[in-house]
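J.: Got a structure for you, written out below as structure tokens; questions coming shortly.
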Amino acid sequence: MAISGVILVLFLLAHMYGNLKVFEGQDAFDGYSHHLRELGEPILPYSGALWIIRVVLLAAIVVHAVSAITLWRRARRATGGKGGARYASSKAPRGAQRSYASFTLRWGGVTILLFVIYHLLHLTTNTIAPGGASDSPFERVVNGFSIWWVVLSYTIALIALAFHLRHGIWAAMATLGANTSPTRRKNLNIIAVVVAAVIVVGFLVPPFAVLLGLVG
Amino acid sequence: MNITLRVWRQRNSDDTGQMQTYQVTDVSPDMSFLEMLDVLNENLTISGEDPIAFDSDCREGICGMCGLVINGLAHGPKERVTTCQLHMRSFSDGDVIDVEPWRAEPFTVIKDLIVDRGAFDRIIQAGGFITAPTGTAPDAHAVPVPKLDADAAFDAATCIGCGACVAACPNGSASLFVAAKVTHLGLLPQGQPERHSRALDMVAQADLEGFGGCTQIGECTAACPKGIQLDLISRLNRDVLGALAHRG
Amino acid sequence: MSSVSDTQFFTVGEPLVDTKAPAVPVNLMWDERRFQAKLVNPTNRRKRSVIIVGTGLAGGAAAATLGEAGYHVKNFCYQDSPRRAHSIAAQGGINAAKNYRNDGDSVHRLFYDTVKGGDYRSRESNVYRLSQVSVEIIDQCVAQGVPFAREYGGLLDNRSFGGVQVSRTFYARGQTGQQLLLGAYQALERQIGAGSVEMYTRHEMLDLIIVEGRARGIVVRDMVSGEIETHMADVVVLGTGGYGNVFFLSTNAMGCNVTATWRAHRKGAYFGNPCYTQIHPTCIPVSGEYQSKLTLMSESLRNDGRIWVPKEAGDNRDARQIPEDERDYYLERRYPAFGNLVPRDVASRAAKQVCDEGRGVGPGGRGVYLDFAEAITRLGRKAVEAKYGNLFEMYAQITGEDPYVTPMRIYPAVHYTMGGLWVDYDLESTIPGLFVIGEANFSDHGANRLGASALMQGLSDGYFVLPSTIANYLADAPFEAADASHPAAVEVTDAVRERVQRLLAINGTRTVDSFHKELGQIMWEYCGMERTAEGLTKAIGLIRALREEFWTNVRVTGTNEELNQTLERAGRVADFFELGELMCIDALHREESCGGHFRAEHQTPDGEALRDDENFAYVAAWEFGGDGGSPVLHKEDLIYEAIEMKQRSYK
């Protein structure tokens, strides 16, 4: 769970970095996009490195999902299928200190998965093309995010991602053994909040820039 | 003060059980929560009703026998106390208080508020010990233990095995309980030879008993009457990873 | 000796002369005994079965050790896990004659201190062995991973405890009992996992089965299903703790009871010195009618706290409003040499006296101040917090008062019972094959137990003494084949069922607890810190009447075939009545003051305990005289060869 999560977070950071190239203009962005396919040449064939990354990411997603389902099933088995809501009393719906992020981790994950499929169909395979299809990744981005409801759907998904990362990053670090004291626990949680914020803001900047006409 | 209680009543493990309402009058703020239940039980007995069954023994917060979920929180609203050390001054006149047993599949409800925590004993059997048969010990000063390690081991060893961590955990995980014992013994030089097998065997037993996995939510630590810290679970994971690496 | 009480309440039987201690000097006895003892071949051990009741320091340690040795052990406890036994609540520490501090300690000095502390009413041979074994206990516990306090160099820390002049107490903060018990518990669980110990939790022993003169089994009630079960073995061991709950309010756990030892007593085991109870001076006072138990505050508080009451009776002012010259620091006044650090029995009695004079403080006037104002001024709040922070927190938790601002209120409470089933040097009772260990036996503490000695005795009996002596007994096995269908077993099991049904059938109007509380009040009033012939005689009458009412008017709800806590308590209280009466008879017959037993008629002109070594240097071992009959007193003379008897003085 934690290791696959870390891989996905690292990918998100790289992805975010790539996205920000949109501010350098169409040539830079399309060039970057094209370069990803040439990465590792000539040792690797065209798109080879990209496919390796894709396979690794897919594997990470599968492992992440399988682990999540395993944990979810074990939690259901241990709590009669009711998790944190297994008490008749409704006076402590959030327990003693549970964060909203920890609450929504599982359904947030499902939401993000659905979004990723939508996102791939939209910007990678060009299957769904609100605003018009194009061979230029830059144009696809600009076409899509010029429409308010596309930006809105991405924003909602990224908020879900924010919550997922806020608890997920902390939990991954703690699970891998990084939590060594109550002070460290606080600090790791701060790191999780910061990384989650950076990623989400980093991802939101390009769509809003497009929507507001700053790019395109 | 006067209190309304909604208490989980269940005749035995086969019964489905339900919440039932009781009034307790003239409650003194100096009473402990369990003494308030004692008073209610005296009244129930006189009126020929079945008194509410609940576990308690030392009533000074160390034996780990008592444990109620009060208003949805394991051991009630006060931090770092067992149910027996919770006093009625933490409540107000006219309060409606919900009282339920620990809930987790491995903790079967035996009657009313009493659950079976035998799973914890079996987890200890799996590896929560140092093999040191009587009479085989070297002199106590043969192996010095750094004070910081001894103190940290003590902090972990204060776990009273009450089960509040499981009761509070949304996943029904026993990780904090397992981690406390693995940390206590794993920090001491005497505990090193079995350190790897201990971590693996105890975790495996907890899984076998049907406890959930840890997702680092932290409710266990918040409910723990002894303040066992969440970082012990990280430590447990490091031991498990180390053991797996060592085993290859 | 009063001949009136003789004829009225008891008869005198043959003295007990043979304690099985080898006839060699005291320092050689244990070696001699172990050498003479027969052994059981390792291959035969699996065929020898041992029943152990109780999982505290004594029972748990014995079960683990005998399991390791290869015997087939069945271990029983009434709690839901062996880790709950009340040994867990012991705070202070455990003594051992390690002399790690190089301050002049030795096995002989620990032996001497323990005998003197017990006011010369304990048996030399047993106490000497206890002191010898104490050294091995610490080694054993450290090897198991007990996290004792350590110094920066990594070595074990020691402190001075209970008014002795050497530092021999090992401790794990204020939770030494917990850590020692968890050590034994973990060793025990290891054996349960290995299959050598069968563990029966939530099982309460209700009677003892004797076959052909030997203890061969027990009858227990499964407290979940209500089933009455018969368990047979080659030997039975009781490690069932003390009987302080006869007073209803004590520092004992709610479930602590005398049933196991009392049922054994009724079957022929003599009860030794039942009147010796320890009343601990620093407990949190009773706050109301509903009080269910009392909480001990560590004795160490007396190192810096000053104990006082107002000079004037009925002075109801807030403690802080009472000026210095209107306060009576009565311990410092009466015992200038020891001051607030006098032994437990002395401090307790002094508190009772000032409260009897109407100078007590707090609700009901049953409390004295333990004041840290002076310590806070002298050492600073930080230093006081570092030393006693957790105790102050506990006090604030229970009382809702801040002890940094207003002085603590304390009052004595029943804490430990030195009396118990009489055992010989082998820890065997007067019933062959019935061994008794830990607080359940009478052997090591005389009339007063020193601090940090209870843990030492429990573990000594469980880890080291019993495993050696029981082998000697088991070497004679196999005994007559006897299973649950043996007529003797069937008879006892049927009697237990009948008694349970009898309790359920009464269907009266009073609750079990109301009887228990009333019994406790009688015991506390007349057989507590200060006893008189008149009061004890009155108490015996009151107990008998109350017991009669109990058996006609108690209300036990529910049925046997379920988890029934009322029924559990009813059986225990029924036995407490019988024990309470014997305690009063024992206290009445002992016309002297010694240790925790203070007879108002026997005191020095300035109010100190007056021992009578001429007439009472013996163990009173009581034989059950039958229902409605009188108990029979058997005396075991205490002969001191290694130690000279002296009067204790703390002036």
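The values are calculated or read from the model by the stated rules, or taken from the named source; none is laboratory data. What you see is a predicted model; the values in this text were computed from it and never measured. Cβ atoms come from the backbone with ideal geometry, glycine included; neighbour counts cover every protein chain shown. Note: areas computed on protein heavy atoms with side chains; ligands, DNA, RNA excluded. Shrake-Rupley method; radii C 1.70, N 1.55, O 1.52, S 1.80 Å.
J.: With the structure loaded, tell me whether B:THR183 is modelled with pLDDT of 95 or more, surrounded by 24 or more Cβ atoms within 10 Å (Cβ to Cβ), closer than 25 Å to A:SER102 by Cα and assigned by TED's automatic domain parsing to the domain that holds B:ASP239 or whether it fails that test. If you could, list the steps in order and put the result at the bottom.
T.: Numbers: modelled with pLDDT of 95 or more: yes; surrounded by 24 or more Cβ atoms within 10 Å (Cβ to Cβ): yes; closer than 25 Å to A:SER102 by Cα: no; assigned by TED's automatic domain parsing to the domain that holds B:ASP239: yes.
When the stated conditions are applied, B:THR183 does not pass them.
J.: Turning to a different aspect of this structure: In the stretch C:296-345, which residues are open to solvent by 10 Å² or more (accessible area, probe 1.4 Å) and either among the aliphatic types (A, V, I, L, M) or within 14 Å of another protein chain (Cβ to nearest Cβ) (or both)?
T.: C:LEU296, C:SER298, C:ALA313, C:ALA337, C:LEU341
J.: So, one more: Could we say that C:GLY104 is in contact with a Cys (Cβ under 9 Å, 6 or more places away or on another chain) and touching a residue at least 24 places away in the same chain (Cβ under 8 Å) here?
T.: Spelling it out, it is not the case that C:GLY104 is in contact with a Cys (Cβ under 9 Å, 6 or more places away or on another chain) and touching a residue at least 24 places away in the same chain (Cβ under 8 Å).
J.: Also: Step by step: first the residues of the stretch B:94-110, then only those that are surrounded by fewer than 24 Cβ atoms within 10 Å (Cβ to Cβ) and at the interface with another protein chain (Cβ under 8 Å from one of its Cβ atoms), then the one that is nearest to C:GLU393 (Cα to Cα). Which residue is that?
T.: B:ASP98
J.: Another question about this same structure. In the list C:GLY226, C:GLY242, C:GLY255, C:GLY195, which residue meets the criterion of being at positive phi and in contact (Cβ under 8 Å) with a residue 60 or more places away in the chain?
T.: Working: C:GLY242 fails: at positive phi; C:GLY255 fails: at positive phi; C:GLY195 fails: in contact (Cβ under 8 Å) with a residue 60 or more places away in the chain.
After applying the criteria, what remains is C:GLY226.
J.: Looking only at the stretch C:86-100, which residues are touching a helix residue (DSSP H, G or I) at 6+ places or on another chain (Cβ under 6 Å) and buried (at least 24 other Cβ atoms within 10 Å of the Cβ)?
T.: Hits for the stretch C:86-100 are C:SER87, C:ILE88, C:ALA90, C:GLY93, C:ILE94, C:ASN95, C:ALA96.
J.: Could you say whether any residue in the stretch C:523-541 is surrounded by fewer than 20 Cβ atoms within 10 Å (Cβ to Cβ), at pLDDT 95 or above and within 14 Å of chain B (Cβ to nearest Cβ)?
T.: No, the conditions are met nowhere in the stretch C:523-541.
J.: While we're on this one: Inspect all residues belonging to the stretch A:163-177 and state whether any of them is among the polar types (S, T, N, Q), in contact with a Cys (Cβ under 9 Å, 6 or more places away or on another chain), part of a helix (DSSP H, G or I) and open to solvent by 30 Å² or more (accessible area, probe 1.4 Å). Outline the logic, then answer.
T.: So the first thing to find is which residues in the stretch A:163-177 are among the polar types (S, T, N, Q), and the list is A:175.
Then drop every residue that is not in contact with a Cys (Cβ under 9 Å, 6 or more places away or on another chain), which leaves A:175.
Cutting the leftovers down to part of a helix (DSSP H, G or I) gives us A:175.
Those left that are additionally open to solvent by 30 Å² or more (accessible area, probe 1.4 Å): A:175.
Within the stretch A:163-177 (the criterion being among the polar types (S, T, N, Q), in contact with a Cys (Cβ under 9 Å, 6 or more places away or on another chain), part of a helix (DSSP H, G or I) and open to solvent by 30 Å² or more (accessible area, probe 1.4 Å)), the answer is yes, since at least one residue qualifies.
J.: So A:TYR46 fits all but one of (1) over 23 Å from the mean Cα position of the chain (by Cα); (2) among the hydroxyl-bearing types (Ser, Thr, Tyr); (3) surrounded by 14 or more Cβ atoms within 10 Å (Cβ to Cβ); what number is the exception?
T.: A:TYR46 satisfies every listed condition except (3).
J.: Tell me yes or no: at least one residue of the stretch C:129-147 is over 29 Å from B:ALA156 (Cα atoms), among the polar types (S, T, N, Q) and either modelled with pLDDT of 95 or more or surrounded by fewer than 23 Cβ atoms within 10 Å (Cβ to Cβ) (or both).
T.: Checking the stretch C:129-147: at least one residue is over 29 Å from B:ALA156 (Cα atoms), among the polar types (S, T, N, Q) and either modelled with pLDDT of 95 or more or surrounded by fewer than 23 Cβ atoms within 10 Å (Cβ to Cβ) (or both).
For every residue, the table says whether it meets (1) open to solvent by 20 Å² or more (accessible area, probe 1.4 Å); (2) in contact with a Leu (Cβ under 9 Å, 6 or more places away or on another chain); (3) part of a loop (DSSP other than H, G, I, E, B).
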| position | (1), (2), (3) |
| --- | --- |
| C:GLY242 | no, no, yes |
| C:SER250 | no, yes, yes |
| C:ALA253 | no, no, yes |
| C:THR261 | no, yes, no |
| C:GLY268 | yes, yes, yes |
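J.: Another question, if that's okay. Filter the stretch B:1-57 down to the residues that are open to solvent by 10 Å² or more (accessible area, probe 1.4 Å), part of a strand (DSSP E or B) and among the β-branched types (Val, Ile, Thr) and list them by number.
T.: Those that are open to solvent by 10 Å² or more (accessible area, probe 1.4 Å), part of a strand (DSSP E or B) and among the β-branched types (Val, Ile, Thr): B:THR4, B:THR21.
Yes or no, residue by residue, for (1) within 21 Å of C:ALA475 (Cα to Cα); (2) open to solvent by less than 10 Å² (accessible area, probe 1.4 Å); (3) of a type in the set (Val, Ile, Thr):
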{"position": "C:ILE52", "(1), (2), (3)": "yes, yes, yes"}
{"position": "C:GLY67", "(1), (2), (3)": "yes, yes, no"}
{"position": "C:ASN102", "(1), (2), (3)": "no, no, no"}
{"position": "C:SER122", "(1), (2), (3)": "no, yes, no"}
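J.: Sort out which residues of the stretch C:270-284 are in a strand (DSSP E or B) and of a type in the set (Phe, Trp, Tyr), and write them in order of number. Steps first, please.
T.: Residues of the stretch C:270-284 in a strand (DSSP E or B): C:271-272, C:277-283.
Within the stretch C:270-284, C:PHE271 is the sole residue that qualifies.
J.: Restricting to the stretch C:189-211, count the residues that are facing chain B (nearest Cβ under 9 Å) and of a type in the set (A, V, I, L, M).
T.: 3
J.: Another question, if that's okay. In the stretch B:137-167, what count of residues is obtained for those that are of a type outside the set (D, E, K, R) and facing another protein chain (nearest Cβ under 7 Å)? First the steps, then the outcome.
T.: Keep residues of the stretch B:137-167 that are of a type outside the set (D, E, K, R), which gives B:137-138, B:140-146, B:148, B:150, B:152-154, B:156-167.
Now narrow it down to the ones that are facing another protein chain (nearest Cβ under 7 Å): B:137-138, B:140-141, B:144-146, B:150, B:153-154, B:157-158, B:161.
Residues that pass the stated criteria total 13.
J.: On to the next question. Within 27 Å of the chain's Cα centre (by Cα), open to solvent by 40 Å² or more (accessible area, probe 1.4 Å) and of a type outside the set (Phe, Trp, Tyr), is that true of C:ASP31?
T.: The answer is no for C:ASP31.
J.: Just checking, does the stretch B:71-93 include any residue being hydrophobic (A, V, I, L, M, F, W, C), closer than 25 Å to C:THR176 by Cβ, facing another protein chain (nearest Cβ under 8 Å) and free of Cβ contacts under 8 Å to residues at least 60 places away in the same chain?
T.: no
J.: On to the next question. Name the residue, out of C:THR493, C:THR511, C:THR559, that is over 22 Å from C:PHE9 (Cα atoms), more than 25 Å from the chain's Cα centre (by Cα) and open to solvent by 50 Å² or more (accessible area, probe 1.4 Å).
T.: Selected residue: C:THR559, the only one of C:THR493, C:THR511, C:THR559 that is over 22 Å from C:PHE9 (Cα atoms), more than 25 Å from the chain's Cα centre (by Cα) and open to solvent by 50 Å² or more (accessible area, probe 1.4 Å).
J.: Can you go through C:SER287, C:SER292 and tell me which one is within 11 Å of another protein chain (Cβ to nearest Cβ), open to solvent by less than 60 Å² (accessible area, probe 1.4 Å), part of a loop (DSSP other than H, G, I, E, B) and modelled with pLDDT under 95?
T.: C:SER287
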